[in-house]
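The structure under discussion appears below in the form of structure tokens.
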Amino acid sequence: MIWIVVFVLGVLVELFTTTFVALCFSAGSVFGFLTLLLHAPLVVQILSFLIATGLAIWLLKPLRDRYLSKDIVKTNVDAMIGEWGIVIEPISNLDFRGAVKVKGITYSARSENGEDLPTGTQVTVKRVEGVKFYVSPL
């Protein structure tokens, strides 16, 4: 009886959370129920439940991450990586100066590979550290 309750609770919780973890507990309860039908002792039932639940979580995690994480939208600074811009103040890592304009906004910039970049060079944002963009020429 306990395995049926665990199964139903897992399905009901999954309806509201959609993380697949509760569904894994339901899958584990099926194995607990099967060992009950085989008249196995309670310890064996619990072990089969725990092992099946753990396996289900381990097997479903890559699928869950692949299909449920698609809607993550990069925002703020993360959205700027990969964007292109134009050098508006010559970039010199040795002199600690330089600026680029990306999407109409001016940012302090440094060269990704250390080379000097003159005004007017088209660049791509490679990474952001603090308030500085590290760029490479296109």
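The values are calculated or read from the model by the stated rules, or taken from the named source; none is laboratory data. Here the structure is a predicted model, which is why all the values come from computation and not from measurement. Glycine also receives a Cβ, built like all others from the backbone with ideal geometry; neighbour counts cover every protein chain displayed. Each accessible area value is taken on the protein alone, full model and side chains, heavy atoms only, with ligands, DNA and RNA left out. Shrake-Rupley method; radii C 1.70, N 1.55, O 1.52, S 1.80 Å.
With the dipole of the chain worked out from charges on the C-beta (+1 for Lys and Arg, -1 for Asp and Glu) around the Cα centre, which of VAL123, LEU9, PRO137 lies farthest toward the positive end? After comparing all options, I get LEU9. Computed over region 1-128, the alpha-carbon pair-distance distribution with 5 angstrom bins reads 2, 10, 14, 12, 8, 5, 5, 5, 6, 6, 7, 7, 5, 4, 2, 1, each value a whole percent.
Direction-averaged projected area, Cα convex hull, region 26-68: 2.8 nm², rounded to one decimal. For the chain, the 222 nm mean residue ellipticity estimated from helices alone, with every DSSP H stretch of n ≥ 4 adding -39500 (n - 2.57) and the total spread over all residues, rounds to -15000 deg cm²/dmol.
Remark: spin-label model distance GLU129-PHE16 equals 4.7 nm, labels positioned 7 Å along the Cα→Cβ axis. Accessible surface of ASP116, taken over heavy atoms with a 1.4 Å probe and every protein chain present, rounds to 100 Å².
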